[in-house]
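The values are calculated or read from the model by the stated rules, or taken from the named source; none is laboratory data. Please read all numbers here as calculations on a predicted model, not as lab measurements. Glycine gets a Cβ as well: all are built from the backbone with ideal geometry, and neighbour counts include every protein chain shown.
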Amino acid sequence: MLRLGYDERAAALLVFPVVAVLLVVAAFPILYSFWISLHDVVLTRPLRRPFVGLDNYLRVFADERFWIAVARTTVYTVVTVAATTVLAVLVALLLNEAFPGQRLLNALLLLPWATPSVVNGLMWKWIYDPSYGLLNGLLVQLGVLERYRAWLGDPDLTLLLIANAAVWKQMPLAALLLIVTMKAIPEDLYRAAKVDGAGTFRRFLHVTLPALRPGLMLVLVYETMISIRHFDLFLIMTQGGPGDASFTLSWFIYVETFRSLRFGTGAALSYILAMATFLLSYLFIRFLGRRL
């Protein structure tokens, strides 16, 4: 029989409160929400909660709105992650160089990331406003537009405009992560590349880019997890509209759970979204981390 010594017992006693808190605030909600997803829970009839097994999941997959939400979420995630990553690499390359005002730019880079999400959403909603928005005013003054335009009322542009607001806030953190990775690249590699006659582009392609793999993997995983379940911008800027132009999975979960009060279906949708996020993160880590 295993007997714990004094040190082991003392360590277990000290760790127990932390474990207990984690079980209460993390493990229990996860397990309870899964239990909810297996029952037909509708708050308009709270006392009747029949067990339905996987019917909620099957009902979700049979719902046309689900596939619309999947399509919108895919477009939004791809655009946001791609734009954030490309811009972060360019900004990191710029700020990795020494020039006057570099420290000031490093500090200013943090401002969008430090802006609260609600403030970010409201700010871009005002910028796109059809009556007094800054974007309309600027384009009219430059002669690009003849009259003010309802930007968020255009179904073809809505997702891209929301993605722009997300990239503005998320890009600084991604750039900082890549700058840290760049600082760890040995200068000897660049000197050797110069000796071999490699130009700026070839040095980036054969020295910088391979060394950025750990940072890029972290950025792609983090940005994908954030983008695929983004909610606050859709709530503040469009509320799923116009029509179903910004009807994403996170908005679908909100509609099912808090507007239709179908908590069982909402929990099933949440688990589908969580599994999709986990799968994408695993694929990024698997394929980008193979040679690390």
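Only one of these is surrounded by 16 or more Cβ atoms within 10 Å (Cβ to Cβ), touching a helix residue (DSSP H, G or I) at 6+ places or on another chain (Cβ under 8 Å), under 19 Å from residue 88 (Cα atoms) and among the hydroxyl-bearing types (Ser, Thr, Tyr): 181, 238. Name it.
Being surrounded by 16 or more Cβ atoms within 10 Å (Cβ to Cβ), touching a helix residue (DSSP H, G or I) at 6+ places or on another chain (Cβ under 8 Å), under 19 Å from residue 88 (Cα atoms) and among the hydroxyl-bearing types (Ser, Thr, Tyr) holds for just one of 181, 238, which is 181.
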Checklist entry - Can you pull out the residues in region 178-206 that are of a type in the set (Val, Ile, Thr) and outside any loop (DSSP other than H, G, I, E, B)? => result 179, 180, 181, 195, 200
Checklist outcome for this item: Among helices (runs of 4 or more DSSP H) entirely within region 98-177, at least 1 residues that are crowded, with 18+ Cβ neighbours inside 10 Å and modelled with pLDDT of 90 or more occur in 117-127, 134-141
Checklist outcome for this item: Quick count over region 221-238, residues being more than 14 Å from residue 168 (Cβ to Cβ), under 11 Å from the mean Cα position of the chain (by Cα) and not in a helix (DSSP H, G or I), is 2
Checklist entry - Of the residues that sit in region 240-252 and are under 18 Å from the mean Cα position of the chain (by Cα) and in a loop (DSSP other than H, G, I, E, B), which one is nearest to residue 164 (Cα to Cα)? => result 246
Next on the checklist: So, residue 209, is that one within 30 Å of residue 97 (Cα to Cα) and either assigned to a helix (DSSP H, G or I) or within 16 Å of the chain's Cα centre (by Cα) (or both) or not?
Outcome noted: yes
Checklist outcome for this item: Counting only residues in region 241-268 that are touching a Leu at 6+ places or on another chain (Cβ under 7 Å) and among the hydrophobic types (A, V, I, L, M, F, W, C), the one surrounded by the fewest Cβ atoms within 10 Å (Cβ to Cβ) is identified as 261
Item to check | The one condition in (1) more than 24 Å from the chain's Cα centre (by Cα); (2) touching a residue at least 24 places away in the same chain (Cβ under 8 Å) that residue 146 fails to fulfil | outcome: (2)
Next on the checklist: Restricting to region 199-224, name every residue that is buried (at least 18 other Cβ atoms within 10 Å of the Cβ) and either touching a Ser or Thr at 6+ places or on another chain (Cβ under 8 Å) or polar (S, T, N, Q) (or both).
Outcome noted: 208, 212, 215, 216, 219, 220, 221, 223, 224
Checklist outcome for this item: Residues of region 33-75 being more than 12 Å from residue 264 (Cβ to Cβ), surrounded by 11 or more Cβ atoms within 10 Å (Cβ to Cβ) and hydroxyl-bearing (Ser, Thr, Tyr), in sequence order, are 73, 74
Checklist entry - Within region 112-125, how many residues are over 15 Å from residue 162 (Cα atoms) and either among the small types (Gly, Ala, Ser) or over 18 Å from the mean Cα position of the chain (by Cα) (or both)? => result 1
Item to check | Residue under evaluation residue 264, criteria (1) under 30 Å from residue 57 (Cα atoms); (2) of a type outside the set (Lys, Arg); (3) out of contact with any Asp or Glu (no Cβ under 7 Å at 6 or more places or on another chain), criterion not met | outcome: (3)
Checklist entry - Restricting attention to region 239-292, which residues are more than 27 Å from residue 38 (Cβ to Cβ), of a type outside the set (Ser, Thr, Tyr) and touching a residue at least 24 places away in the same chain (Cβ under 8 Å)? => result 241, 242, 243, 244, 245, 284, 285, 288, 289, 291, 292
Item to check | First in region 113-135 and farther than 21 Å from residue 174 by Cα, second anywhere and loosely packed, with under 13 Cβ neighbours inside 10 Å and β-branched (Val, Ile, Thr), Cβ under 7 Å, 6 or more apart | outcome: none
